[in-house]
Structure formats: structure tokens, C-alpha cells
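Novice: What follows is a single structure, and I will ask about it in a moment.
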Amino acid sequence: MPPRHSGDAGQAFPIYITVVGGLLFLAFAYLAVGQAAANRNGAQTAADAAALAAAQERRDQLSGAWVENLLDPEKWQDIFDGTAEGLTPSCWRAEQLAASNDATVLSCTADGLLSYTVEVETNKTVGDSIVPGTETKKSQATATAVIEPRCGFELPTAGEGEGPDEKAELPTLNCKGGVDWELDPEAPEDLLPKPADLFDVHLAD
């Protein structure tokens, strides 16, 4: 058996150092990718929550307008279409929800009457990594939430229920899921449909 030469071990050591250095570089690179992905996910979560919050605020306003106009069914369709008197801006709710998710709203836009698109930016940066610039890099994300009416109705025929001894009847609300609301004009407000009964709010596909 030929004797080992110490030179073989000396030649192998630089190769070992190179391999270990390469593995360490890959580990740090994967860590940087993971940091960036976590930051992006945080931005998307904040954007989703902010868009939903703005849409839910508008839904609640529309539902309130419907209750106020319960005895005037002629106004119901406009309300279900997203228009009603006295509506106020809803993007303040988007700002609240973004802040609670450690992000800032860059823009909040009402797309038509029943949709909100919100863009946010994370307050935190990706953080230090081997990738240059990540220490100041923030993530941005956009989400759109849609308000969808759940109910339909038919207005009564002119003169129906308007006899001298008859009480005016309200249209029946025919809602998704086979739920029909027979409305009593004298019913207390807590027995009327709630905002979630009248409108769905969800993220756009």
C-alpha cells in the first residue's frame, strides 16, 4: 500500500473551504428569498384586509340607507345598486386595517359603486441580507373587494294595498340561499335583515 502524501490533504482543504462557502452562500440566499416572501405575504394580507374593510364600511352604509328608506320601496333598487343619499367616504376603514397589519395605504379607489381597490406598502423593510438593497426595500400589494347584493324584489302593482282600510305592504325580499324576508313596516329594527343578509362582501377573483 503506497504511503499517503501530506500534499493530498493540503490540496483537498481549499476545495472543502470552497464547498462550505458555497453552501453558506446558498443558505443565506434562501434566507433572503424567505425574508422577501414573508414581507410580500404581509403586504398582501394587509391589502386584502384593507380592501375588505372599505367595502364592508360601504355595505354597512347602504344597509343603513335601506333601513331608513324601508317604507319607500321605490328607493330600494338604487340602494342595492350602490347609490343612496348621504353616503360618506369609506377609505378611512382601509387605512385603519392596513395600520393594524403594519402597513400604509398608498391608494384607495372606489371602482364604480360596489367595488374598492386598495394598494398598500409594508412599514417594515425586507431586512439585511446578502442581496444588496433589501435593508431599505419595502413590499407593496394590491387587492380589490366587491360588494354584491344578495336580494331582489318586485314592487307591488300600483294601488295594491292602498285601500282606505288596508295597510300598505312592503315587497318581499328574495335573497340568496332561498331566504325570503316578509317585511313588517312596524317591526323593530333588530328584526330586519342585517347588512350581511343584504350584501355579500368578498375579494375579487
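The values are calculated or read from the model by the stated rules, or taken from the named source; none is laboratory data. These figures come from a predicted structure and were not determined experimentally. Note: ideal-geometry Cβ built from the backbone for every residue, glycine included; neighbour counts use all protein chains shown.
Novice: Considering region 92-116 alone, what residues qualify as being over 14 Å from the mean Cα position of the chain (by Cα) and of a type in the set (Val, Ile, Thr)?
Specialist: Residue satisfying the conditions is Thr104 alone.
Novice: Scan region 49-66 and tell me whether some residue there is more than 22 Å from the chain's Cα centre (by Cα) and not in a loop (DSSP other than H, G, I, E, B). Before you say what the answer is, go through the steps one by one.
Specialist: Going residue by residue through region 49-66, those that are more than 22 Å from the chain's Cα centre (by Cα) are 65-66.
Retained after the next criterion (residues that are not in a loop (DSSP other than H, G, I, E, B)): 65-66.
Yes, because at least one residue in region 49-66 is more than 22 Å from the chain's Cα centre (by Cα) and not in a loop (DSSP other than H, G, I, E, B).
Novice: Can you pull out every residue in region 159-189 that is surrounded by 12 or more Cβ atoms within 10 Å (Cβ to Cβ), at pLDDT 85 or above and out of contact with any strand residue (DSSP E or B) (no Cβ under 6 Å at 6 or more places or on another chain)?
Specialist: Leu170, Pro171, Lys176, Val179, Leu183, Asp184
Novice: Another question, then. How about region 67-89: which of its residues are assigned to a loop (DSSP other than H, G, I, E, B) and among the β-branched types (Val, Ile, Thr)? Give the derivation first.
Specialist: So in region 67-89, the residues assigned to a loop (DSSP other than H, G, I, E, B) come out as 69-72, 81-89.
Thr83, Thr88 - these are the residues of region 67-89 that are assigned to a loop (DSSP other than H, G, I, E, B) and among the β-branched types (Val, Ile, Thr).
Novice: Still on this structure: Looking at region 40-60, is at least one residue touching a helix residue (DSSP H, G or I) at 6+ places or on another chain (Cβ under 8 Å), farther than 22 Å from Ser100 by Cβ, modelled with pLDDT of 95 or more and buried (at least 18 other Cβ atoms within 10 Å of the Cβ)?
Specialist: Going residue by residue through region 40-60, those that are touching a helix residue (DSSP H, G or I) at 6+ places or on another chain (Cβ under 8 Å) are 46-47, 49-54, 56-57, 59-60.
With the extra rule that they be farther than 22 Å from Ser100 by Cβ, the set shrinks to none.
No: zero hits.
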